[in-house]
Amino acid sequence: MLDAMVFSGGNRPRNQEPAVCIVREGHPCLRKRWNLDAYLSYGHLDLAAHTRYFSTAIDRILMGQNRSRKIVATLSSYLVCPFIVEGSDLIATMPVSIAKAMAGSARIVSQKVPLTLPPIAVSLYWHERYQDDPAHAWLRQYLAGVLG
C-alpha cells in the first residue's frame, strides 16, 4: 500500500471515496432484487488499479463468508472498465467518482455495493523537487478545488 512506502515529497489528503458497482444499461440484474446473491451470480472484472484496493477487500469479506466472485478478466485501468462493462454482462466495483465521470461516455448504471467496503483514500502526491514550483503549486491548488 502507498501508506507503507517511503515517500519524499509533498502530499495532500483529499477525501475518502466509497465504492460502487457498475453494470451496463439493460443488464439482467436490473430486473431483479439487487443483493449479494445477484452480485455473485455474474462474472466480474477485477480492477488492479491502485493496488487492488476494493478487490482485496471484497475477496477478503467473501472468503470470510465461504463465498467468492467469478473473476473473468483483470484490468490495470479504471478508465477502460466502463467500456468493457457496457458491452457485457460483467460487473465491476470501482470508486464512485470514476463511475460518475465515465457515465457520460459509456452506457452504464451504478448499483450500491452489496458489501460493506472501506472507502479508498484519495490524495495528491508530488515529488519534493516540485514543492516550490509555482506552476505545480497552481496545478495542485486547481486539482484540490476540482476534487473537493
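A few remarks follow.
- Residue under evaluation Ser110, criteria (1) open to solvent by less than 80 Å² (accessible area, probe 1.4 Å); (2) over 24 Å from Lys32 (Cα atoms), criterion not met: (2)
- Some residue of segment 75-95 being of a type in the set (Phe, Trp, Tyr) and within 28 Å of Asn35 (Cβ to Cβ): yes
- Scan of segment 65-102 for residues that are of a type in the set (Gly, Ala, Ser), in a loop (DSSP other than H, G, I, E, B) and either without any contact (Cβ under 8 Å) to a residue 60 or more places away in the chain or open to solvent by 80 Å² or more (accessible area, probe 1.4 Å) (or both), ordered by number: Ser68, Ser76, Ser77
- Test result for Leu62, of a type in the set (A, V, I, L, M) and open to solvent by less than 30 Å² (accessible area, probe 1.4 Å): yes
- Residue within segment 130-141 that is in a helix (DSSP H, G or I), surrounded by 16 or more Cβ atoms within 10 Å (Cβ to Cβ) and modelled with pLDDT of 90 or more present: no
- Options Ala92, Ala106, Ala101; residue that is of a type in the set (A, V, I, L, M, F, W, C), out of contact with any Leu (no Cβ under 7 Å at 6 or more places or on another chain) and under 11 Å from Val23 (Cα atoms): Ala106
- Subset of segment 29-64 (residues that are polar (S, T, N, Q) and either at pLDDT 95 or above or over 22 Å from Pro119 (Cβ atoms) (or both)): Asn35, Ser41
- Thr116 within 26 Å of Glu25 (Cα to Cα), exposed (fewer than 14 other Cβ atoms within 10 Å of the Cβ) and modelled with pLDDT of 85 or more: yes
The values are calculated or read from the model by the stated rules, or taken from the named source; none is laboratory data. Only a predicted model underlies this, so the values are computations on that prediction, with no experimental measurement involved. So basically every Cβ, Gly included, is an ideal-geometry build from the backbone, and we count neighbours across all protein chains shown. SASA here: full protein model, heavy atoms, side chains in, ligands and nucleic acids out. Shrake-Rupley method; radii C 1.70, N 1.55, O 1.52, S 1.80 Å.
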